[in-house]
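These notes are about the structure you will find just below.
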Amino acid sequence: MSTLTHRMPFYSMPQSKSLLKKRLLIVGYIFVALLIIEVINIFTGRLLNQFSIVPRALYSLPFIFTAPLLHATLQHFLSNIATLCVFVFLVLQFGERKFVTLSLGLVIGTGLLVWLFGRNAFHLGASGVIYGYFGFLLLAGFLSKKLVLILISVLVAIFYGTMVWGVLPNQPYISWESHLFGFVSGLYLAWLLTKRRQ
């Protein structure tokens, strides 16, 4: 990457537009996929929510992969989707491969921790992954030592910093465990992926 930077200090306009379009398409695909799942869930009377995480119930262990795609209510879905799309776009600025690795790591790491240590309840929703992206974005920019990525971390801290209070057990019907474990997983993966890059 450094060699490419020396040869071509700035991306040409077509390259920049192509990269932006590609990343916006990824965000769009994720939005449409989650919307389709939500619509199906609504019309089946939330039947899909049986695929939520139930801590320490062996049958629900595979559901760590499905729980982030499901929501308890339409309001739950709407409260998550905008922030998720913003964070997906910002994480993509660190590279598509890193986005895929991070997302898989968050789904598995957060899901396993919730399954092991969460309350005996149904845990579902994208917020665990959202908090994982949040933790990653707060730290990864500074660790990268790249000005644009540092700016992303600063902006996330300014505009979304109050999200950190969501890791506390202040509302019984919210899976604060998902928030906490997602956030911690995001911080760890920010360090791990940056260290691996170096």
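Please treat every number below as a calculation from the coordinates, not as lab data. Only a predicted model underlies this, so the values are computations on that prediction, with no experimental measurement involved. Every residue, glycine among them, receives a Cβ derived from its backbone with ideal geometry; neighbour counts consider all protein chains shown.
Looking only at segment 161-198, which residues are closer than 11 Å to residue 135 by Cβ and either outside any helix (DSSP H, G or I) or of a type in the set (Ser, Thr, Tyr) (or both)? Within segment 161-198, 185, 188 qualify. Looking only at segment 83-106, which residues are over 13 Å from the mean Cα position of the chain (by Cα) and either part of a helix (DSSP H, G or I) or of a type in the set (A, V, I, L, M, F, W, C) (or both)? 94, 96, 97 - these are the residues of segment 83-106 that are over 13 Å from the mean Cα position of the chain (by Cα) and either part of a helix (DSSP H, G or I) or of a type in the set (A, V, I, L, M, F, W, C) (or both). For residue 147, the conditions (1) over 16 Å from the mean Cα position of the chain (by Cα); (2) crowded, with 16+ Cβ neighbours inside 10 Å; (3) over 22 Å from residue 53 (Cα atoms) are fulfilled apart from (2). Inside segment 93-118, residues that are surrounded by fewer than 18 Cβ atoms within 10 Å (Cβ to Cβ) and either under 19 Å from residue 165 (Cα atoms) or of a type in the set (A, V, I, L, M) (or both) make up a count of 5. Filter segment 60-82 for residues that are within 15 Å of residue 46 (Cβ to Cβ), in contact with a helix residue (DSSP H, G or I) (Cβ under 7 Å, 6 or more places away or on another chain) and in a helix (DSSP H, G or I) and give the result. Those that are within 15 Å of residue 46 (Cβ to Cβ), in contact with a helix residue (DSSP H, G or I) (Cβ under 7 Å, 6 or more places away or on another chain) and in a helix (DSSP H, G or I): 63, 67, 69, 74, 77.
Can you pull out every residue in segment 22-59 that is over 16 Å from residue 126 (Cβ atoms), polar (S, T, N, Q) and not in a helix (DSSP H, G or I)? The answer is 44, and nothing else.
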